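Below is one structure; the comments refer to it alone.
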Amino acid sequence: MQIEPLHSIALVLLVFGILGGVVNAIITDPAQETRLPWWQHTLVGIAASFMVPLFLNMISGEIINDIIDKDEKSKLFVLAGFCLVAAISSRAFIRTISDRLLQEVRTVKKEVEVASAKADDAAAKADDAVTKADDAQVQATTAAAEATEAQQAVAPLVEGEVLEEPKPGLLDDGFESIKPMPDDERAVMKVMQGSRFVLRSLTGIAKEAGLDPTRAKEALTALVAKELIGQSLNKNQSPRWYLTTNGRLLKLGA
């Protein structure tokens, strides 16, 4: 259905391009414009005529679409008029269309460059924002880790300041050992009381107490329940154990 309108449009462009070229050859004033052989005027007229669809597209003309899509054959006469005018003033028409097309290309190129520059600037700002956010997160994490480490480091001291006295009933008179205390717990308590470190790891406690880690962990759990040993976490979130006030005051005896 769309082949016939296209043939009609092509025929109009060709016929009125030739007609306009011949007219241009006849009316050309040698004083104003160089006269060419008639066939050259005809070729230039045809070229100008076939540039009419481009011109109509540049000015948002709907003539071509109306002829093809709506089959409005009456618009062929309007198209023929455009082609005739373009062919008659072919050289001026071609120069005008070429200049306008080049200007639009330059304008589009400039807009693309501006848009690209804005996009690059936005990307740079986004990267900077991400970098600042990462730095802030790192600083916050570092600060939290330092605060946790400081809190854990002073935990035994705070424990000592808060617990001024041993809990009633926990220790015998003179802070003698709890009776009876299992051997594993006694071994762990000796390690803790004799250690030069405030915070101890399970591995270190088990090694010095001569126990395997499982038995050492069970003894530590029991001593924590008796509030003789406290438990905290280091900056790596690994458990560490320390003596409480009761643990420091406890006398194990022989």
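FYI, it's all coordinate maths here, none of it is from the lab. In this text, all values refer to a predicted model and were calculated from it rather than measured experimentally. In this analysis, Cβ positions are derived from the backbone assuming ideal geometry, glycine residues included, and neighbour counts consider all displayed protein chains.
Go through segment 94-105 residue by residue and turn each phi into a ³J(HN,Hα) via Karplus (6.51, -1.76, 1.60, θ = phi - 60°); whole Hz please, and just put x for glycine and proline.
5, 4, 5, 4, 4, 4, 5, 5, 5, 5, 5, 4
Quick one: Karplus J couplings for segment 111-118, per residue in order, coefficients 6.51, -1.76, 1.60, θ = phi - 60°, nearest Hz, x for Gly and Pro?
For segment 111-118, the Karplus curve yields 5, 5, 5, 5, 5, 5, 5, 5 Hz.
Each label point is 7 Å from the Cα along the Cα-to-Cβ direction; what then is the distance between the points at residue 131 and residue 221, in nm?
That separation, rounded to one decimal, is 5.1 nm.
Return the long-range amide H neighbours of residue 243 (sequence gap of 5 or more, or a different chain), with a cut-off of under 5 Å between placed amide H atoms.
Residues meeting the criterion, in which the H sits 1.01 Å from N, are 230.
How charged is the neighbourhood of residue 90? Take every other residue with its Cβ under 14 Å from the Cβ of residue 90, and add Lys/Arg as +1 and Asp/Glu as -1. Kindly include the intermediate steps, with their values, before the conclusion.
Values: positive: 35, 91, 95; negative: 33.
Counting the neighbours of residue 90, the net charge comes to +2.
Does segment 1-153 come out rounded, prolate or oblate, given a ≥ b ≥ c as the square roots of the eigenvalues of its C-alpha gyration tensor, rounded meaning a/c under 1.5 and, failing that, prolate meaning a/b above b/c? The partial results should precede the final answer.
On the way: a/c = 7.57, a/b = 3.10, b/c = 2.44.
Verdict is prolate for segment 1-153.
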